[in-house]
Amino acid sequence: MISHPSRHCTVELQALPSRIGQVRRIVSAQLRYWHLDPLIDRAALGVTELLTNVHRHAQPDKTCVVEIELLLDQLMVSVHDHDPRLPVVGDIDEVSPTATCGRGLAMVAAVSEAWGVRPDGESGKVVWFTLTAPTPATATPSRPPCRAATEKPAHRFVTEVEHPVDGHRPQHAPARSAVAG
């Protein structure tokens with residue numbers, strides 16, 4: 001029997017350096033809200049690395065969607081972009097100690113229980129990682145910490161309403177609060 005509803009938060013953004021820090025703060029606030037504080041550092045590091053890869057490598061644009069979803073004791077963090085090219089994972093031992101790139105996916109692998117990449121339709125991909133939650137979140141949130149941004153339509157923050165895990169995708173509802181930044 002499933003005793004806890006799933007929780008889901010989605011953030012759409014342009015993967016620019018100024019937005020990466022903002023999304024990191026949103027992810028941290030969402031995990032605090034779900035009482036998953038022990039996962040904040042690893043989730044923030046992983047999402048930073050994935051968004052940095054979108055910023056550096058994704059073409060034709062830098063638009064992407066970050067999703068975090070808690071299903072029972074498993075946190076899934078994923079980044080969807082519009083570039084169908086799958087990332088190339090190099091050998092970490094061959095990366096120079098002074099190199100400024102080439103370690104991102106190795107860091108994601110090191111901080112997560114699992115990670116992977118899959119094509120997303122004909123023109124995109126999803127890079128994801130999972131973290132095991134220390135205990136199932138039991139509090140029922142009164143309001144989600146994501147909020148619809150009004151400054152630019154490209155920065156839409158959406159959270160899904162809580163629902164029993166029944167194999168059906170939840171309906172989207174606009175979020176009602178924000179993280180400063």
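Summary table below
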item: Any hit, region 31-45, residues being in a loop (DSSP other than H, G, I, E, B) and touching a Leu at 6+ places or on another chain (Cβ under 9 Å); result: yes
item: Subset of region 76-122 (residues that are of a type in the set (S, T, Y) and at pLDDT below 85); result: S96, T98, T100
item: Identity of the residue in region 123-147, more than 16 Å from C9 (Cβ to Cβ) and modelled with pLDDT under 80, that ends up most open to solvent (accessible area, probe 1.4 Å); result: T138
item: Options L13, L50, L75; residue that is out of contact with any Pro (no Cβ under 9 Å at 6 or more places or on another chain), within 21 Å of V88 (Cβ to Cβ) and surrounded by 18 or more Cβ atoms within 10 Å (Cβ to Cβ); result: L50
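The values are calculated or read from the model by the stated rules, or taken from the named source; none is laboratory data. In this text the structure is predicted, and so the values were computed from the model without any measurement. FYI the Cβ positions are ideal-geometry reconstructions off the backbone, even for glycines, and counts take in every protein chain you see. Note: areas computed on protein heavy atoms with side chains; ligands, DNA, RNA excluded. Shrake-Rupley method; radii C 1.70, N 1.55, O 1.52, S 1.80 Å.
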